[in-house]
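The values are calculated or read from the model by the stated rules, or taken from the named source; none is laboratory data. It should be emphasised that the depicted structure is a prediction, and the values quoted were computed from it without experimental measurement. Note that we place each Cβ from the backbone using ideal geometry, even for glycine, and neighbour counts take in every protein chain shown. To get the accessible areas, we keep the full protein, side chains included, count just its heavy atoms, and leave off ligands, DNA and RNA. Shrake-Rupley method; radii C 1.70, N 1.55, O 1.52, S 1.80 Å.
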Amino acid sequence: MTAADADTSGPDAAPPEPGNFDDPASGMDAASFEDFVDEVTQFRDTVVAPNVSRWEGEKRMAPEALREASGLGMLAMEVPTALGGLGMSFAQKCRIVEVLSAVSMPFAFSLVNTANVASRVAQFGSDAHRERYLADLMEGRRFGSSALTEPGAGSDFANIATTATPVEGGWRLDGAKAWITNAAHSDVIFCYAQTEPGSRGRGMASFLVDGTRPGFERLPPYELAGGHLIGTGGFLLDGYFAPADDVIAPPGQAFVTALSGINGARTYVAAMCCAMVEATLAGAVRFGTQRQAFGRPIIEHQGLAWKLAGVQNRLEAARLLTDRAIDAVTESLRTGDASGAILPAAHAKKFATETAEADIAACIQAMGAEGLRSRYPWGHHLAGARIANYVDGSTEIQTDRIARSLVATYAKD
(Lines give C-alpha, C1' and ligand atoms only; values in the text may rest on other atoms or scores of the structure.)
Protein backbone atom coordinates (compact mmCIF):
# COMPACT_ATOMS: atom_id res chain seq x y z
CA MET A 1 0.00 0.00 0.00
CA THR A 2 1.19 3.53 -0.63
CA ALA A 3 -0.24 6.91 0.13
CA ALA A 4 0.52 9.99 -1.93
CA ASP A 5 1.54 13.35 -0.63
CA ALA A 6 -1.19 15.95 -0.48
CA ASP A 7 1.39 18.60 -1.33
CA THR A 8 2.45 18.23 -4.95
CA SER A 9 4.64 21.31 -4.91
CA GLY A 10 8.12 20.48 -6.06
CA PRO A 11 10.67 21.18 -8.73
CA ASP A 12 9.53 21.77 -12.27
CA ALA A 13 11.24 18.62 -13.36
CA ALA A 14 9.88 16.52 -16.17
CA PRO A 15 9.70 12.76 -15.78
CA PRO A 16 12.52 10.83 -17.39
CA GLU A 17 11.90 10.21 -21.05
CA PRO A 18 10.91 6.58 -21.59
CA GLY A 19 13.27 4.74 -23.83
CA ASN A 20 12.32 2.10 -26.36
CA PHE A 21 8.71 2.03 -25.14
CA ASP A 22 5.58 1.37 -27.16
CA ASP A 23 2.89 4.00 -27.59
CA PRO A 24 1.03 3.75 -24.24
CA ALA A 25 -2.32 4.45 -25.89
CA SER A 26 -2.15 1.76 -28.56
CA GLY A 27 -2.27 -1.47 -26.59
CA MET A 28 -3.30 -4.88 -27.89
CA ASP A 29 -5.64 -5.08 -30.86
CA ALA A 30 -9.31 -5.37 -29.87
CA ALA A 31 -9.85 -9.00 -30.90
CA SER A 32 -6.71 -10.27 -29.18
CA PHE A 33 -7.56 -8.32 -26.06
CA GLU A 34 -11.08 -9.75 -25.83
CA ASP A 35 -9.62 -13.25 -26.19
CA PHE A 36 -7.22 -12.41 -23.36
CA VAL A 37 -10.09 -11.16 -21.18
CA ASP A 38 -11.78 -14.54 -21.66
CA GLU A 39 -8.61 -16.32 -20.56
CA VAL A 40 -8.27 -14.10 -17.49
CA THR A 41 -11.92 -14.70 -16.60
CA GLN A 42 -11.39 -18.46 -16.79
CA PHE A 43 -8.27 -18.17 -14.63
CA ARG A 44 -10.19 -16.07 -12.12
CA ASP A 45 -13.07 -18.52 -11.92
CA THR A 46 -10.99 -21.71 -11.76
CA VAL A 47 -7.89 -20.63 -9.80
CA VAL A 48 -8.75 -17.59 -7.70
CA ALA A 49 -12.44 -17.94 -6.83
CA PRO A 50 -12.24 -21.46 -5.32
CA ASN A 51 -9.25 -20.53 -3.12
CA VAL A 52 -9.77 -16.98 -1.88
CA SER A 53 -11.45 -18.00 1.36
CA ARG A 54 -8.70 -20.54 2.12
CA TRP A 55 -5.89 -18.11 1.31
CA GLU A 56 -7.39 -15.47 3.55
CA GLY A 57 -7.96 -18.03 6.30
CA GLU A 58 -4.28 -18.90 6.09
CA LYS A 59 -3.44 -15.16 6.23
CA ARG A 60 -1.04 -15.24 3.34
CA MET A 61 -0.34 -14.17 -0.21
CA ALA A 62 -0.82 -16.67 -3.02
CA PRO A 63 2.51 -16.67 -4.88
CA GLU A 64 1.65 -19.95 -6.58
CA ALA A 65 -1.43 -18.35 -8.15
CA LEU A 66 0.57 -15.29 -9.20
CA ARG A 67 3.04 -17.58 -10.93
CA GLU A 68 0.18 -19.33 -12.69
CA ALA A 69 -1.15 -15.93 -13.76
CA SER A 70 2.25 -15.17 -15.24
CA GLY A 71 1.74 -18.04 -17.65
CA LEU A 72 -0.99 -15.95 -19.30
CA GLY A 73 1.22 -12.85 -19.31
CA MET A 74 -0.64 -11.01 -16.55
CA LEU A 75 2.59 -9.92 -14.87
CA ALA A 76 3.77 -8.41 -18.16
CA MET A 77 0.65 -6.50 -19.17
CA GLU A 78 2.27 -3.14 -20.01
CA VAL A 79 5.73 -4.43 -20.91
CA PRO A 80 6.39 -3.83 -24.63
CA THR A 81 6.05 -6.82 -26.89
CA ALA A 82 9.64 -6.30 -28.04
CA LEU A 83 10.72 -7.13 -24.48
CA GLY A 84 8.47 -10.15 -24.10
CA GLY A 85 5.38 -8.47 -22.68
CA LEU A 86 1.83 -8.02 -23.89
CA GLY A 87 2.11 -4.31 -24.73
CA MET A 88 -1.25 -3.40 -23.20
CA SER A 89 -2.54 0.12 -22.82
CA PHE A 90 -3.37 1.57 -19.42
CA ALA A 91 -7.09 1.26 -20.17
CA GLN A 92 -6.66 -2.43 -20.96
CA LYS A 93 -4.78 -2.98 -17.72
CA CYS A 94 -7.67 -1.38 -15.85
CA ARG A 95 -10.08 -3.79 -17.51
CA ILE A 96 -7.99 -6.79 -16.44
CA VAL A 97 -7.81 -5.72 -12.80
CA GLU A 98 -11.57 -5.19 -12.90
CA VAL A 99 -12.09 -8.76 -14.09
CA LEU A 100 -9.94 -10.12 -11.26
CA SER A 101 -11.44 -7.79 -8.63
CA ALA A 102 -14.90 -9.20 -9.23
CA VAL A 103 -13.61 -12.12 -7.14
CA SER A 104 -10.69 -10.65 -5.17
CA MET A 105 -9.49 -7.07 -5.14
CA PRO A 106 -6.54 -7.96 -2.83
CA PHE A 107 -5.29 -10.60 -5.29
CA ALA A 108 -5.68 -8.17 -8.19
CA PHE A 109 -3.87 -5.45 -6.25
CA SER A 110 -0.95 -7.72 -5.49
CA LEU A 111 -0.74 -8.85 -9.10
CA VAL A 112 -0.89 -5.37 -10.60
CA ASN A 113 1.89 -4.12 -8.33
CA THR A 114 4.34 -6.71 -9.65
CA ALA A 115 3.11 -5.98 -13.18
CA ASN A 116 3.76 -2.28 -12.55
CA VAL A 117 7.31 -2.95 -11.39
CA ALA A 118 7.96 -5.07 -14.48
CA SER A 119 6.67 -2.23 -16.66
CA ARG A 120 8.87 0.31 -14.88
CA VAL A 121 11.95 -1.89 -15.17
CA ALA A 122 11.22 -2.11 -18.89
CA GLN A 123 10.63 1.62 -19.22
CA PHE A 124 13.08 3.25 -16.81
CA GLY A 125 15.62 0.54 -16.04
CA SER A 126 18.96 0.11 -17.72
CA ASP A 127 19.82 -2.74 -20.06
CA ALA A 128 21.48 -4.43 -17.07
CA HIS A 129 18.28 -4.08 -15.01
CA ARG A 130 16.19 -5.56 -17.77
CA GLU A 131 18.63 -8.42 -18.15
CA ARG A 132 18.74 -9.08 -14.42
CA TYR A 133 15.11 -8.64 -13.37
CA LEU A 134 12.60 -8.37 -16.18
CA ALA A 135 12.11 -12.03 -17.13
CA ASP A 136 11.95 -13.06 -13.47
CA LEU A 137 9.22 -10.48 -12.79
CA MET A 138 7.19 -11.33 -15.87
CA GLU A 139 7.38 -15.07 -15.14
CA GLY A 140 6.58 -14.86 -11.42
CA ARG A 141 9.97 -15.98 -10.13
CA ARG A 142 10.33 -12.65 -8.33
CA PHE A 143 7.74 -10.14 -7.17
CA GLY A 144 7.81 -6.36 -7.12
CA SER A 145 6.90 -3.44 -4.88
CA SER A 146 6.99 0.33 -4.89
CA ALA A 147 8.19 1.60 -1.53
CA LEU A 148 7.07 5.10 -0.71
CA THR A 149 5.33 4.89 2.67
CA GLU A 150 7.19 4.84 5.99
CA PRO A 151 6.19 4.51 9.64
CA GLY A 152 6.17 8.32 9.89
CA ALA A 153 5.31 9.32 6.33
CA GLY A 154 2.17 8.15 4.58
CA SER A 155 -0.06 10.85 3.16
CA ASP A 156 2.79 13.33 3.64
CA PHE A 157 4.99 11.41 1.24
CA ALA A 158 7.56 14.19 0.79
CA ASN A 159 8.40 13.85 4.48
CA ILE A 160 10.10 10.47 4.07
CA ALA A 161 13.05 9.87 6.38
CA THR A 162 14.86 7.05 4.55
CA THR A 163 18.21 8.55 3.60
CA ALA A 164 20.42 8.09 0.58
CA THR A 165 24.01 9.09 1.35
CA PRO A 166 26.62 9.34 -1.42
CA VAL A 167 29.46 6.84 -1.08
CA GLU A 168 32.13 5.65 -3.46
CA GLY A 169 30.46 4.04 -6.44
CA GLY A 170 26.91 4.74 -5.40
CA TRP A 171 24.67 5.39 -2.41
CA ARG A 172 24.13 4.06 1.10
CA LEU A 173 20.43 3.63 1.96
CA ASP A 174 19.19 3.62 5.55
CA GLY A 175 15.65 3.67 6.87
CA ALA A 176 12.39 1.81 7.26
CA LYS A 177 9.49 1.33 4.88
CA ALA A 178 5.98 0.38 5.97
CA TRP A 179 2.59 -0.53 4.47
CA ILE A 180 4.21 -1.80 1.29
CA THR A 181 2.18 -3.98 -1.07
CA ASN A 182 3.79 -7.38 -1.72
CA ALA A 183 6.41 -6.79 0.98
CA ALA A 184 5.85 -10.34 2.23
CA HIS A 185 7.60 -11.72 -0.87
CA SER A 186 8.89 -8.91 -3.09
CA ASP A 187 12.58 -8.39 -3.71
CA VAL A 188 12.59 -6.08 -6.75
CA ILE A 189 11.64 -2.76 -5.26
CA PHE A 190 11.40 0.80 -6.50
CA CYS A 191 12.40 2.55 -3.31
CA TYR A 192 12.25 6.29 -2.58
CA ALA A 193 14.82 7.97 -0.35
CA GLN A 194 15.83 11.47 0.65
CA THR A 195 19.24 12.67 -0.53
CA GLU A 196 18.94 16.05 1.22
CA PRO A 197 17.05 15.81 4.53
CA GLY A 198 14.51 18.57 4.95
CA SER A 199 14.26 19.31 1.22
CA ARG A 200 11.04 17.33 0.72
CA GLY A 201 10.36 16.58 -2.96
CA ARG A 202 13.39 18.47 -4.19
CA GLY A 203 15.89 16.00 -2.73
CA MET A 204 13.98 12.79 -3.25
CA ALA A 205 15.45 10.08 -5.49
CA SER A 206 14.32 6.59 -6.40
CA PHE A 207 16.45 3.47 -6.47
CA LEU A 208 16.01 -0.08 -7.64
CA VAL A 209 16.54 -2.12 -4.46
CA ASP A 210 17.30 -5.83 -4.63
CA GLY A 211 15.94 -7.59 -1.57
CA THR A 212 18.46 -10.43 -1.88
CA ARG A 213 21.41 -8.14 -1.17
CA PRO A 214 23.03 -7.36 2.20
CA GLY A 215 21.51 -4.47 4.11
CA PHE A 216 17.91 -5.44 3.30
CA GLU A 217 15.81 -6.94 6.10
CA ARG A 218 12.24 -8.04 5.47
CA LEU A 219 9.83 -7.57 8.36
CA PRO A 220 6.93 -9.93 9.13
CA PRO A 221 3.83 -9.11 7.07
CA TYR A 222 1.01 -7.31 8.83
CA GLU A 223 -2.04 -9.15 10.09
CA LEU A 224 -4.97 -7.19 8.72
CA ALA A 225 -8.72 -7.38 9.04
CA GLY A 226 -8.93 -9.00 5.61
CA GLY A 227 -6.77 -8.43 2.57
CA HIS A 228 -3.85 -10.70 3.47
CA LEU A 229 -3.47 -11.52 -0.22
CA ILE A 230 -1.93 -8.08 -0.69
CA GLY A 231 1.06 -9.19 1.39
CA THR A 232 1.34 -5.85 3.15
CA GLY A 233 4.37 -5.32 5.34
CA GLY A 234 7.63 -3.44 5.61
CA PHE A 235 11.39 -3.72 5.47
CA LEU A 236 14.52 -2.13 6.87
CA LEU A 237 17.51 -0.78 4.97
CA ASP A 238 20.65 -0.76 7.07
CA GLY A 239 23.73 0.24 5.14
CA TYR A 240 22.26 -1.07 1.90
CA PHE A 241 24.59 -0.23 -0.98
CA ALA A 242 22.89 0.91 -4.17
CA PRO A 243 25.35 1.20 -7.07
CA ALA A 244 25.13 4.42 -9.03
CA ASP A 245 23.53 2.48 -11.89
CA ASP A 246 20.60 1.59 -9.62
CA VAL A 247 19.40 5.18 -9.43
CA ILE A 248 16.12 5.15 -11.37
CA ALA A 249 15.15 8.80 -10.95
CA PRO A 250 17.63 11.35 -9.56
CA PRO A 251 16.79 14.08 -7.05
CA GLY A 252 14.22 16.41 -8.52
CA GLN A 253 12.67 13.84 -10.83
CA ALA A 254 11.63 11.04 -8.47
CA PHE A 255 8.91 13.04 -6.72
CA VAL A 256 7.34 14.02 -10.03
CA THR A 257 7.39 10.49 -11.44
CA ALA A 258 5.93 9.07 -8.22
CA LEU A 259 2.99 11.44 -8.36
CA SER A 260 2.44 10.62 -12.02
CA GLY A 261 2.27 6.92 -11.21
CA ILE A 262 -0.13 7.52 -8.35
CA ASN A 263 -2.70 9.06 -10.71
CA GLY A 264 -2.82 5.75 -12.54
CA ALA A 265 -3.00 3.75 -9.32
CA ARG A 266 -5.88 5.82 -7.99
CA THR A 267 -7.71 5.24 -11.23
CA TYR A 268 -7.36 1.46 -11.30
CA VAL A 269 -8.32 1.31 -7.61
CA ALA A 270 -11.55 3.07 -8.60
CA ALA A 271 -12.03 0.46 -11.33
CA MET A 272 -11.49 -2.31 -8.78
CA CYS A 273 -14.19 -0.80 -6.57
CA CYS A 274 -16.62 -0.72 -9.49
CA ALA A 275 -15.97 -4.42 -10.09
CA MET A 276 -16.58 -5.35 -6.45
CA VAL A 277 -19.83 -3.39 -6.31
CA GLU A 278 -21.08 -4.80 -9.61
CA ALA A 279 -20.34 -8.39 -8.55
CA THR A 280 -22.06 -7.96 -5.20
CA LEU A 281 -25.04 -6.19 -6.77
CA ALA A 282 -25.46 -8.97 -9.34
CA GLY A 283 -25.36 -11.53 -6.54
CA ALA A 284 -27.97 -9.65 -4.52
CA VAL A 285 -30.28 -9.29 -7.52
CA ARG A 286 -29.99 -12.98 -8.42
CA PHE A 287 -30.75 -13.89 -4.82
CA GLY A 288 -33.68 -11.49 -4.83
CA THR A 289 -35.26 -13.20 -7.81
CA GLN A 290 -35.00 -16.62 -6.18
CA ARG A 291 -35.89 -15.91 -2.56
CA GLN A 292 -39.59 -15.50 -1.83
CA ALA A 293 -41.22 -13.59 1.00
CA PHE A 294 -44.88 -12.76 1.49
CA GLY A 295 -45.83 -14.63 -1.66
CA ARG A 296 -43.46 -13.10 -4.19
CA PRO A 297 -39.73 -12.75 -4.97
CA ILE A 298 -38.16 -10.26 -2.59
CA ILE A 299 -36.80 -8.21 -5.51
CA GLU A 300 -40.42 -7.23 -6.17
CA HIS A 301 -40.70 -5.54 -2.77
CA GLN A 302 -40.17 -1.84 -3.26
CA GLY A 303 -37.99 -1.31 -0.21
CA LEU A 304 -35.35 -3.78 -1.39
CA ALA A 305 -35.64 -2.94 -5.09
CA TRP A 306 -35.21 0.77 -4.47
CA LYS A 307 -32.18 0.17 -2.27
CA LEU A 308 -30.50 -1.86 -5.00
CA ALA A 309 -31.54 0.68 -7.63
CA GLY A 310 -29.62 3.27 -5.62
CA VAL A 311 -26.58 1.01 -5.68
CA GLN A 312 -26.85 0.69 -9.45
CA ASN A 313 -27.22 4.45 -9.83
CA ARG A 314 -24.06 5.16 -7.86
CA LEU A 315 -22.21 2.39 -9.70
CA GLU A 316 -23.03 4.05 -13.02
CA ALA A 317 -21.68 7.36 -11.69
CA ALA A 318 -18.52 5.69 -10.38
CA ARG A 319 -17.91 4.05 -13.75
CA LEU A 320 -18.27 7.34 -15.60
CA LEU A 321 -15.82 9.05 -13.26
CA THR A 322 -13.43 6.12 -13.63
CA ASP A 323 -13.69 6.18 -17.43
CA ARG A 324 -12.92 9.88 -17.41
CA ALA A 325 -9.88 9.27 -15.21
CA ILE A 326 -8.69 6.46 -17.51
CA ASP A 327 -8.88 8.84 -20.47
CA ALA A 328 -6.96 11.51 -18.52
CA VAL A 329 -4.24 9.09 -17.42
CA THR A 330 -3.92 7.75 -20.96
CA GLU A 331 -3.46 11.29 -22.25
CA SER A 332 -0.88 12.02 -19.54
CA LEU A 333 1.10 8.96 -20.60
CA ARG A 334 1.01 10.18 -24.19
CA THR A 335 2.16 13.73 -23.40
CA GLY A 336 4.33 13.16 -20.31
CA ASP A 337 2.30 15.80 -18.44
CA ALA A 338 0.52 14.29 -15.42
CA SER A 339 -1.18 17.49 -14.27
CA GLY A 340 -4.37 16.90 -16.25
CA ALA A 341 -4.95 13.52 -14.59
CA ILE A 342 -4.67 14.66 -10.97
CA LEU A 343 -8.26 15.82 -10.47
CA PRO A 344 -10.01 13.14 -12.56
CA ALA A 345 -8.12 10.45 -10.63
CA ALA A 346 -8.97 12.07 -7.29
CA HIS A 347 -12.67 12.38 -8.15
CA ALA A 348 -12.85 8.77 -9.36
CA LYS A 349 -11.06 7.30 -6.35
CA LYS A 350 -12.94 9.38 -3.77
CA PHE A 351 -16.38 8.58 -5.16
CA ALA A 352 -15.75 4.94 -6.01
CA THR A 353 -14.15 4.03 -2.68
CA GLU A 354 -16.62 5.94 -0.52
CA THR A 355 -19.66 4.47 -2.23
CA ALA A 356 -18.27 0.95 -2.59
CA GLU A 357 -18.11 0.25 1.10
CA ALA A 358 -21.68 1.36 1.79
CA ASP A 359 -23.10 -0.20 -1.36
CA ILE A 360 -21.47 -3.59 -0.85
CA ALA A 361 -22.87 -3.57 2.68
CA ALA A 362 -26.31 -2.69 1.28
CA CYS A 363 -26.18 -5.62 -1.13
CA ILE A 364 -25.17 -7.98 1.67
CA GLN A 365 -28.06 -6.65 3.76
CA ALA A 366 -30.45 -7.29 0.86
CA MET A 367 -29.50 -10.98 1.03
CA GLY A 368 -30.13 -11.18 4.76
CA ALA A 369 -27.89 -13.47 6.78
CA GLU A 370 -27.23 -15.50 3.62
CA GLY A 371 -24.98 -12.67 2.43
CA LEU A 372 -22.56 -13.41 5.28
CA ARG A 373 -21.78 -16.94 4.17
CA SER A 374 -18.23 -17.56 2.97
CA ARG A 375 -19.52 -19.27 -0.17
CA TYR A 376 -19.92 -15.71 -1.47
CA PRO A 377 -16.96 -13.28 -1.71
CA TRP A 378 -19.05 -10.38 -0.43
CA GLY A 379 -17.32 -10.15 2.95
CA HIS A 380 -13.99 -10.27 1.11
CA HIS A 381 -15.23 -7.42 -1.08
CA LEU A 382 -16.25 -5.43 1.98
CA ALA A 383 -12.71 -5.75 3.33
CA GLY A 384 -11.37 -4.83 -0.12
CA ALA A 385 -13.50 -1.70 -0.20
CA ARG A 386 -12.20 -0.66 3.21
CA ILE A 387 -8.62 -1.21 2.02
CA ALA A 388 -9.32 0.81 -1.12
CA ASN A 389 -10.05 3.84 1.05
CA TYR A 390 -6.39 3.86 2.13
CA VAL A 391 -4.23 2.67 -0.75
CA ASP A 392 -2.52 5.17 -3.06
CA GLY A 393 -3.81 8.18 -1.16
CA SER A 394 -6.52 8.03 1.47
CA THR A 395 -10.05 9.27 0.89
CA GLU A 396 -9.17 12.38 2.90
CA ILE A 397 -6.26 13.12 0.57
CA GLN A 398 -8.56 12.90 -2.44
CA THR A 399 -11.01 15.26 -0.74
CA ASP A 400 -8.21 17.71 0.00
CA ARG A 401 -6.96 17.51 -3.57
CA ILE A 402 -10.45 18.35 -4.87
CA ALA A 403 -10.95 21.11 -2.28
CA ARG A 404 -7.72 22.79 -3.33
CA SER A 405 -9.04 23.04 -6.87
CA LEU A 406 -12.24 24.86 -5.95
CA VAL A 407 -11.03 28.46 -6.24
CA ALA A 408 -9.24 27.91 -9.53
CA THR A 409 -12.28 26.08 -10.92
CA TYR A 410 -15.16 28.22 -9.70
CA ALA A 411 -13.76 31.63 -8.76
CA LYS A 412 -12.30 32.59 -12.11
CA ASP A 413 -12.41 36.25 -13.16
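Could you list, ordered by first residue, the pairs with Cβ atoms under 6 Å in which the first is in the stretch 201-226 and closer than 28 Å to V256 by Cα and in contact (Cβ under 8 Å) with a residue 40 or more places away in the chain and the second is in a loop (DSSP other than H, G, I, E, B) and open to solvent by less than 10 Å² (accessible area, probe 1.4 Å), at least 6 apart or interchain?
Pairs that qualify, where the first residue is closer than 28 Å to V256 by Cα and in contact (Cβ under 8 Å) with a residue 40 or more places away in the chain and the partner is in a loop (DSSP other than H, G, I, E, B) and open to solvent by less than 10 Å² (accessible area, probe 1.4 Å): there are none.
Per-residue answers, yes or no, for (1) more than 21 Å from Y133 (Cβ to Cβ); (2) modelled with pLDDT of 95 or more; (3) more than 21 Å from the chain's Cα centre (by Cα); (4) in a strand (DSSP E or B):
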position: L237; (1), (2), (3), (4): no, yes, yes, yes
position: G252; (1), (2), (3), (4): yes, no, yes, no
position: V269; (1), (2), (3), (4): yes, yes, no, no
position: M272; (1), (2), (3), (4): yes, yes, no, no
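Just give me the residues in the stretch 136-158 being farther than 11 Å from Y192 by Cα, out of contact with any Leu (no Cβ under 9 Å at 6 or more places or on another chain) and in contact (Cβ under 8 Å) with a residue 40 or more places away in the chain, in sequence order.
D136, R141, R142, S145, P151, S155, D156
Please count how many residues of the stretch 301-359 are acidic (D, E) and not in a helix (DSSP H, G or I).
Going through the stretch 301-359 one residue at a time, the tally reaches 1.
So that you can scan it fast, the table gives a plain yes or no per residue for (1) of a type outside the set (F, W, Y); (2) farther than 30 Å from A115 by Cα; (3) open to solvent by less than 10 Å² (accessible area, probe 1.4 Å):
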site: A249; (1), (2), (3): yes, no, yes
site: A258; (1), (2), (3): yes, no, yes
site: V269; (1), (2), (3): yes, no, yes
site: M272; (1), (2), (3): yes, no, yes
site: A275; (1), (2), (3): yes, no, yes
site: A279; (1), (2), (3): yes, no, no
site: A282; (1), (2), (3): yes, no, no
site: R291; (1), (2), (3): yes, yes, no
site: P297; (1), (2), (3): yes, yes, no
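Spot the failing condition for Y222; the list is (1) of a type in the set (F, W, Y); (2) in contact with a Leu (Cβ under 8 Å, 6 or more places away or on another chain); (3) open to solvent by 40 Å² or more (accessible area, probe 1.4 Å), and only one is missed.
Among (1) of a type in the set (F, W, Y); (2) in contact with a Leu (Cβ under 8 Å, 6 or more places away or on another chain); (3) open to solvent by 40 Å² or more (accessible area, probe 1.4 Å), the lone unmet condition for Y222 is (2).
What residue, of L304, L320, L406, L308, is of a type outside the set (F, W, Y), more than 20 Å from C94 (Cβ to Cβ) and open to solvent by 80 Å² or more (accessible area, probe 1.4 Å)?
After applying the criteria, what remains is L406.
Within the stretch 42-63, restricting attention to residues that are more than 17 Å from S101 (Cβ to Cβ) and out of contact with any Gly (no Cβ under 9 Å at 6 or more places or on another chain), which residue is least open to solvent (accessible area, probe 1.4 Å)? First the steps, then the outcome.
Within the stretch 42-63, the subset more than 17 Å from S101 (Cβ to Cβ) is 54, 57-60, 63.
Add one more test, that the residue is out of contact with any Gly (no Cβ under 9 Å at 6 or more places or on another chain), and what stays is 54, 57-59.
Values: R54: 110, G57: 62, E58: 91, K59: 111 Å².
Residue satisfying both the conditions and the ranking: G57.
So which residues in the stretch 383-408 are of a type in the set (G, A, S) and in contact (Cβ under 8 Å) with a residue 12 or more places away in the chain?
Within the stretch 383-408, A383, G384, A385, A388, G393, S394, S405 meet the criteria.
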